[in-house]
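A short reminder: the numbers here are calculations on the coordinates, not readings from a lab. All of these numbers come straight from a predicted model, not from anything done at the bench. Cβ placement follows ideal geometry from the backbone for every residue including glycine, while neighbour counts extend to all protein chains displayed.
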Amino acid sequence: MSLPLVVLAAGLSTRYGRLKQLDPLGPDGEAIMDYNIFDAARAGFDRIIVVTRSEIENDIRAHLSAMVGEALPIEYVHQTLDKLPEGFHGSPERTRPWVCPPAFHHRVHPPSGPTGPPRPTRR
């Protein structure tokens with residue numbers, strides 16, 4: 001059974017001033033998502049799905065290629081304004097993508113099986 005890690009990395013970080021996803025925070029230039037991927041791989045996740053935007057995909061790809069290499073397969077999907085789940089309708093004035101769950105639902109076609117560790121059940 002495949003256990004993918006979904007990395008939500010579609011923000012343009014316009015208020016921040018540069019891509020937060022790639023900001024070097026670790027002692028050797030690691031970004032936050034590098035730590036997430038490392039921990040997920042140790043926990044048994046076996047592939048990565050990166051939800052991003054076409055405008056920043058090359059930067060994200062270059063970074064992950066250098067940091068992850070061939071250790072895990074990586075799939076890239078885009079958040080777009082025109083691909084919404086059935087029954088959703090966008091405003092023509094909208095310029096930013098929808099929140100990631102609708103984009104993930106429609107664009108990634110959720111994989112069969114779990115997408116993360118099991119959640120506790122309520123009694």
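Annotation: for a label point projected 7 angstrom from Cα along Cα→Cβ of residue 66, residues of the stretch 3-33 with backbone N closer than 15 Å are 19-33. Around the Cα centre of the stretch 1-61, unit charges on the Cβ atoms of Lys, Arg, Asp and Glu (plus for the first two, minus for the last two) sum to a dipole of about 200 debye. Modelled spin-label separation between residue 19 and residue 46, with each label point placed 7 Å from Cα along the Cα-to-Cβ direction: 2.9 nm. Modelled this way, with points 7 Å down the Cα-to-C-beta line, the labels at residue 30 and residue 93 are 4.5 nm from one another.
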